[in-house]
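Single-structure report; data block below.
The values are calculated or read from the model by the stated rules, or taken from the named source; none is laboratory data. In this text, all values refer to a predicted model and were calculated from it rather than measured experimentally. A quick note on method: Cβ atoms are made from the backbone with ideal geometry, for glycine too, and the neighbour counts reach across all protein chains shown.
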Amino acid sequence: MSRLFLVATLCSAALWSIAALNALPFSQWVLPFADSDALLPEQIFFAFGLIPRAVIALIIGALLGLSGALMQAVLRNPLADPTTLGVASGAQLSLVFATLLWPEALAFGRGPVALFGGGLSALIVMALAARRGFAPVTVTIAGMLVGMLASAISTALTLGQGHYLLSLVIWNGGALSQDSWHGVFRLIRVLILGGAGAALLVRPLVVLSLGGATAKALGARVGLIRVAALTLAVVLSGMVTAEVGLVGFVGLAAPALARRLGARSVTQVLLASPFAGAVLLSVVDSGLMALVAFGGPTLPTGALTGLIGGPVLIALLPKLRNTVPPETERNDTLPPRAKHPWQRVALMICATLVLTGLSLFGGRGPDGWGMISGEIAATFLPLRATAILAAASAGALLALSGAVLQRVTANPMAAPEVLGVTGGAALGYAATLFLFPAPSSFALALGSSAGAAVTLIILSAYATRADMAPARLLLAGLAVGAFASALLAAIMASGDPRAWSLLGWLAGSAARATVSGALALSVMAVIGLGGALLVSRWFDILPLGADVARGVGLPVGRVRLGLVLATGLATGAASVLVGPVSFIGLMAPHIARSLGLLRPAPFLAASWCLGALLMCLAAFGARTASYPYDLPLGLFATLIGAPWLFITLLGRRHA
């Protein structure tokens with residue numbers, strides 16, 4: 001292990017030297033704390049920019065490595081870290097909110113604000129996960145979904161404040177650039193205090209590693225140990241976020257690397273993880289500086305470390321097999337089946353039509369709330385009708401995709417947003433945007449659909465080969481989504497002009513829809529529903545398993561491939577309008593199921609209708625909340641879907 005650390009350290013030093021030599025000849029190098037009045041501008045940058053950046057990369061890596069090791073030890077979960085548990089995103093949201101809407105909160109520094117946001121996220125995740133006994137899969141799913149919600153709100157707030165846009169995008173990416181030693185000194189104090197706190201917790205954590213029941217039998221105060229360790233981990237990661245922004249997944253990779261190199265006991269992992277994190281982040285940051293020296297783009301370090309998160313998460317999933325109690329992954333009991341399901345579907349259709357009419361003719365105008373009429377109606381009704389039709393069609397497609405995925409996988413938590421399909425659509429959209437000059441709307445829709453379909457095919461193949469349980473399949477999908485988010489953050493922080501188009505798309509807006517685009521999306525939604533109803537018998541058979549399906553003559557492989565491709569195409573087309581995060585695809589099928597619509601045909605029809613209804617609500621809120629400006633459509637859809645998501649995910653209605 002020490003040999004590998006030495007090689008990695010030498011590699012980091014060599015890469016940093018390349019960047020330093022590009023900035024300043026070796027003969028002009030100066031000591032770190034030289035008198036700035038006697039230095040050239042290039043020497044000032046070297047002494048107060050490059051050297052502090054190298055040091056702070058080591059410190060931040062050590063802090064995140066220690067934070068991740070503490071979280072994994074106390075939760076007995078190899079997937080726990082500040083990113084996967086939503087702590088870093090919560091701290092980021094708190095800082096963005098304070099910067100934009102409540103700057104007075106920053107009077108005492110960014111640290112307390114970041115700790116509040118990170119601590120609140122941790123409390124939400126732990127409170128929800130406690131209802132399932134802190135099962136590793138449940139904790140990780142809850143944490144990543146809290147992080148997705150916080151990131152979506154942060155993006156919306158950032159987009160709503162154009163004068164802060166560039167600085168916030170770069171800061172959100174986790175830039176380690178320094179202009180003094182103040183940040184280094186602040187984080188050194190945090191590291192010293194954090195190391196001392198971790199040393200005091202070593203013995204209690206060793207006892208806790210024997211299991212909660214055994215630890216209680218030995219006299220350990222399990223609750224107090226958990227609170228102390230998690231509080232320390234949140235403080236460490238929150239201070240990092242306050243200083244440099246979001247640096248993702250180092251806390252996940254560092255303990256995994258330490259174990260890979262031979263660390264086995266809790267003590268060994270706690271000791272080795274800070275070193276592993278320091279070396280890992282130093283290599284990444286030095287490599288990025290060397291890339292700039294060779295003429296490459298300037299990228300924030302945090303966005304690049306996020307790229308390791310998806311692969312590491314997927315690689316670690318098999319390790320959960322022996323740590324997750326099977327009873328924590330059981331599906332909830334089903335509600336009573338409705339006696340007249342199509343009557344309920346008809347009521348939903350009526351409610352959707354009424355809401356659509358109110359949204360079309362009513363709203364907020366210059367004179368307040370009221371109904372649109374007169375010349376204003378003649379001008380704005382066609383535009384509003386186009387936006388409503390596009391939003392409803394996108395919601396219907398996402399909901400239908402979620403319903404199909406849930407029936408095919410026999411997993412009530414499956415949805416395009418959760419399985420990483422919308423993340424794949426985002427990558428397809430970005431690839432089309434960067435590979436083709438001035439791509440058309442059709443090309444962008446095709447690219448995002450292809451990205452969603454390819455992602456779903458790869459994920460399905462991996463899950464089948466690895467024989468994954470449903471909850472682990474969700475984690476694999478969330479890992480894909482995390483990877484996509486990190487790559488998009490890197491693209492947006494690169495400064496490329498095309499990145500601004502990508503940033504605007506991430507928010508989603510029905511106001512951008514054209515008449516032809518809205519009509520095409522609505523036709524696709526109607527055809528999708530008709531096709532799903534025609535093959536609704538398949539959705540009775542597929543949840544019974546591949547053997548049963550083959551026994552009744554169903555070509556399982558071709559059917560699943562066809563459904564996966566159709567779902568990917570529908571998700572990609574809808575994502576072009578609403579962006580990559582909405583939760584409509586998860587929420588609408590759950591509402592339909594809770595209403596007793598369990599048979600495939602009414603379930604699919606109700607999910608389709610509810611998706612249109614929910615997206616119409618989101619479009620209405622996005623249009624009226626900050627009149628006369630439209631807010632991100634995806635944000636309102638997320639705010640509608642996220643609370644229901646957590647209630648459904650962590651409800652305790654076991655059979």
Answer with yes or no whether T323 is under 30 Å from L85 (Cβ atoms), at pLDDT 70 or above and not charged (D, E, K, R). no
Spot the failing condition for Q72; the list is (1) modelled with pLDDT of 85 or more; (2) among the polar types (S, T, N, Q); (3) over 21 Å from the mean Cα position of the chain (by Cα), and only one is missed. (3)
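Can you report the number of residues in the stretch 531-561 which are among the β-branched types (V, I, T) and either over 21 Å from L400 (Cα atoms) or loosely packed, with under 12 Cβ neighbours inside 10 Å (or both)? Steps first, answer last, please.
First pass over the stretch 531-561, keeping only residues among the β-branched types (V, I, T): 535, 541, 548, 552, 556, 559.
Checking the rest, the ones that are also either over 21 Å from L400 (Cα atoms) or loosely packed, with under 12 Cβ neighbours inside 10 Å (or both) come to 548, 552.
Final tally of qualifying residues: 2.
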Step by step: first the residues of the stretch 21-39, then only those that are surrounded by fewer than 14 Cβ atoms within 10 Å (Cβ to Cβ) and small (G, A, S), then the one that is modelled with the lowest pLDDT. Which residue is that? S36
Scan the stretch 410-427 and report the pairs whose first residue is more than 15 Å from A476 (Cβ to Cβ) and in contact (Cβ under 8 Å) with a residue 24 or more places away in the chain and whose second residue is of a type outside the set (K, R) and in a loop (DSSP other than H, G, I, E, B), with Cβ atoms within less than 7 Å and a gap of 6+ or a chain change. P412/N331; A425/P580; A426/P580
So, I18, is that one β-branched (V, I, T), buried (at least 19 other Cβ atoms within 10 Å of the Cβ) and modelled with pLDDT of 85 or more or not? no
Would you mind finding the one in A69, A34 that is touching a residue at least 12 places away in the same chain (Cβ under 8 Å) and in the same structural domain as R189 (by TED's automatic domain parsing)? A69
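Among the candidates V345, V312, single out the residue that is at pLDDT 85 or above and among the β-branched types (V, I, T).
Numbers: V312 fails: at pLDDT 85 or above.
Exactly one of V345, V312 is at pLDDT 85 or above and among the β-branched types (V, I, T), namely V345.
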Which residues, taken from the stretch 154-198, are modelled with pLDDT under 80 and in a loop (DSSP other than H, G, I, E, B)? G160, Q161, G173, G174, A175
Checked the stretch 595-627 for anything surrounded by fewer than 24 Cβ atoms within 10 Å (Cβ to Cβ) and outside any helix (DSSP H, G or I); matches are L595, G596, L598, R599, A625, S626, Y627
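Just to be sure, is L230 in the same structural domain as T99 (by TED's automatic domain parsing), under 25 Å from the mean Cα position of the chain (by Cα) and more than 29 Å from L487 (Cβ to Cβ)? So that I can check it myself, show each step before the final result.
Values: in the same structural domain as T99 (by TED's automatic domain parsing): yes; under 25 Å from the mean Cα position of the chain (by Cα): yes; more than 29 Å from L487 (Cβ to Cβ): yes.
Considered against the rule, which asks whether it is in the same structural domain as T99 (by TED's automatic domain parsing), under 25 Å from the mean Cα position of the chain (by Cα) and more than 29 Å from L487 (Cβ to Cβ), L230 comes out as yes.
For the structure I just gave you, tell me whether S536 is polar (S, T, N, Q) and within 31 Å of the chain's Cα centre (by Cα).
Criteria not met by S536.
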Quick check, is V284 of a type in the set (A, V, I, L, M), at pLDDT below 85 and closer than 29 Å to R110 by Cβ? no
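Can you name the helices (runs of 4 or more DSSP H) wholly within the stretch 199-311 that have at least 1 residues being touching a residue at least 12 places away in the same chain (Cβ under 8 Å)? I'd like the intermediate steps shown before the answer.
On the way: elements: 212-217, 222-244, 250-260, 266-293, 301-305.
Ranges flagged: 222-244, 250-260, 266-293, 301-305.
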Only one of L75, L93, L85 is assigned by TED's automatic domain parsing to the domain that holds V269, buried (at least 23 other Cβ atoms within 10 Å of the Cβ), out of contact with any Lys or Arg (no Cβ under 7 Å at 6 or more places or on another chain) and closer than 14 Å to L232 by Cα, namely L75
Is it true that Q43 is out of contact with any Cys (no Cβ under 9 Å at 6 or more places or on another chain), buried (at least 24 other Cβ atoms within 10 Å of the Cβ) and at pLDDT 85 or above? no
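How many of the residues in the stretch 6-47 are of a type outside the set (D, E), in a helix (DSSP H, G or I) and farther than 28 Å from P297 by Cα? Talk me through it step by step, then tell me what you get.
Step one: of the stretch 6-47, the residues of a type outside the set (D, E) are 6-34, 36, 38-41, 43-47.
From the residues that got through so far, the ones that are in a helix (DSSP H, G or I) too are 6-23, 26-28, 36, 38, 41, 43-47.
Restricting the remaining residues to those that are farther than 28 Å from P297 by Cα gives 6, 36, 38.
Number satisfying all stated conditions: 3.
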Would you pick out the residues in the stretch 499-530 that are surrounded by fewer than 17 Cβ atoms within 10 Å (Cβ to Cβ) and at pLDDT 75 or above? T514, V515, S516, L519, V523, V526, I527, G530
State yes or no: is G119 assigned by TED's automatic domain parsing to the domain that holds V240, at pLDDT below 85 and surrounded by fewer than 24 Cβ atoms within 10 Å (Cβ to Cβ)? no
